[in-house]
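Quick note: the coordinates plus some simple rules give every number you see, no bench work behind them. Note that the structure is predicted; figures quoted are calculated from it, not measured. Please note: Cβ atoms are built from the backbone with ideal geometry, for glycine as well, and neighbour counts cover all protein chains shown.
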Amino acid sequence: MKSYFYRVLNYLDKLESNIAFYPTIISLFGTSFAFFMIYLESKGVSKYLIEHAPILVVNNTETARSLLTTFIAGLISIMVFSFSLVMILLNQASSNFSPRLLPGLISNRRHQIILGIYNSTLLYCIFTLVSITPNGDKYQMPGFSVLLGIIFMTVSLAAFIYFIHSISQEIQVNNIMSKIFEDAKKRLKKLIENEKHIDTDFEDSSEWESIMSKGTGYMQDISLNALSKLAEENDLRIEIVPIKGAYIMEGIPILKYKGTIDDELRDRLVETITFSNNELIQDNYVLAFKQITEIALKAMSPGINDPGTCINAIDLLTELFALRMTKKNKSYYFNKNEDALIYIKTVSFEQLLYNVMAALRTYCKHDIIIVQKLFMMLQYLLQKDDVLEESYNASIIEEINNLKKDALKNHENEADIKVINDYIEKLEKLNPSEYKFNDLSK
């Protein structure tokens with residue numbers, strides 16, 4: 001039951017990232033409020049206000065109809081314009097930066113709420129206009145409802161002005177990278193805070209039984225609370241085989257376990273894993289490294305040629321790598337007795353650093369300014385004194401050697417070569433570990 005509850009929560013989280021989620025909810029509220037006001041009008045709320053506060057009531061049928069008709073036409077135009085701006089933003093982000101950015105931009109809650117305000121006001125005005133019906137020789141006038149329509153339209157215009165401001169900010173690459181960075185930083189800090197720095201030797205799982213995937217998709221999230229509950233109740237030890245965010249093919253192992261399970265328990269274990277066709281940084285911080293790296297590479301392409309954006313991206317990657325160095329490569333989920341119940345595979349620091357540097361070396365090695373920036377990043381990481389594992393420094397030195405080789409092969413100018421060699425000599429003096437750099441003459 002608890003695993004089902006977590007599965008529902010994960011589904012709701014995934015649904016929330018849909019661009020139509022908040023507009024639909026707010027539109028339902030607007031429609032419901034319109035019918036609520038129609039009910040109050042039938043009880044004589046406008047008649048009461050005409051007698052006691054006439055300023056709050058629009059008491060002219062033609063004026064009311066003209067206002068509501070104008071509001072409806074105007075709101076439709078605003079909605080079309082706003083949705084067009086969103087599509088332009090998504091298209092520009094995809095073509096100029098990276099298609100991976102689209103799920104994060106679509107899930108922007110502020111834009112969803114603004115679109116919901118437009119739609120709810122539109123529906124409210126439509127139903128209020130319809131409620132102006134003839135009653136004998138006169139029309140039943142929902143005067144107070146029309147006044148509320150004026151207020152809602154004013155709110156919609158304010159929302160539209162804010163939307164223009166927001167969309168102009170969202171389309172700037174620095175703001176896009178900053179949002180990615182903040183989401184990843186928040187996720188990493190949460191993982192580090194929850195990580196128990198307890199040295200443990202998890203059992204060898206090579207002989208354990210496996211549970212195979214029955215579908216395909218990205219492994220978006222894992223309900224560790226539900227999975228650990230099942231492990232404790234059934235005396236199991238569990239290993240999560242794929243790395244979070246990996247694309248899972250049908251028929252490959254997703255869980256390994258030590259113990260005895262039946263078919264029902266097997267299904268409940270699988271239900272704790274959520275698959276999706278989209279990836280979100282809020283669920284997987286590694287995606288932030290990929291996105292920022294892709295933005296840097298796109299900025300260095302001949303069609304865009306924007307080294308400044310690439311330098312900004314390297315600055316953000318530097319801080320993320322520094323934070324990642326305070327996290328262990330291996331992750332476990334412990335019970336109340338500090339026993340490791342679940343082994344969670346994660347992307348190692350070594351692999352993460354190599355993937356980022358391999359891409360940047362390949363596409364940026366011809367630019368001496370970017371090469372200098374990469375050396376500065378590696379220098380900063382090498383000087384950190386809060387590193388959890390010594391192997392991290394070895395990986396940094398390996399990447400320094402790789403960068404040196406690529407840089408020297410792509411630069412013939414003596415001044416550029418001197419800059420590269422000076423950085424290597426400086427880094428050799430800062431080397432805090434037993435790992436050595438390659439000979440400069442090689």
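Listed values, structure above:
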read-out	value
Cβ-Cβ FRET estimate between Ser95 and Ile164, R0 fixed at 22 Å, reported to 0.05	0.50
The chain: most fluctuating residue of Ala73, Ala299, Ala64 per GNM, C-alpha cutoff 10 Å	Ala73
By average C-beta atoms within 10 angstrom, highest first, the peptides 286-297, 109-120	286-297, 109-120
Sorted peptide list for 307-313, 241-247, criterion being average Cβ within 10 angstrom, highest first	307-313, 241-247
Summed side-chain charge close to Glu264 - residues other than Glu264 whose Cβ falls under 14 Å, Lys, Arg +1, Asp, Glu -1	-3
Radius 11 Å from Cβ of Gln372, net charge of other residues (Lys, Arg +1; Asp, Glu -1)	-2
Theoretical FRET efficiency, 1/(1+(r/R0)^6), r = Cβ-Cβ of Gln351 and Ile55, R0 56 Å, to 0.05	0.20
Segment Glu425-Ile151, length gained on full extension (0.36 nm per residue, minus Cα span)	91.8 nm
Phi-based couplings in Hz for the stretch 50-64 (Karplus 6.51, -1.76, 1.60; Gly and Pro marked x)	4, 6, 10, 8, x, 5, 8, 10, 8, 10, 10, 4, 5, 4, 4
Listed residue (Leu374, Thr309, Gly251) projecting farthest to the positive dipole end of the chain, Cβ model	Thr309
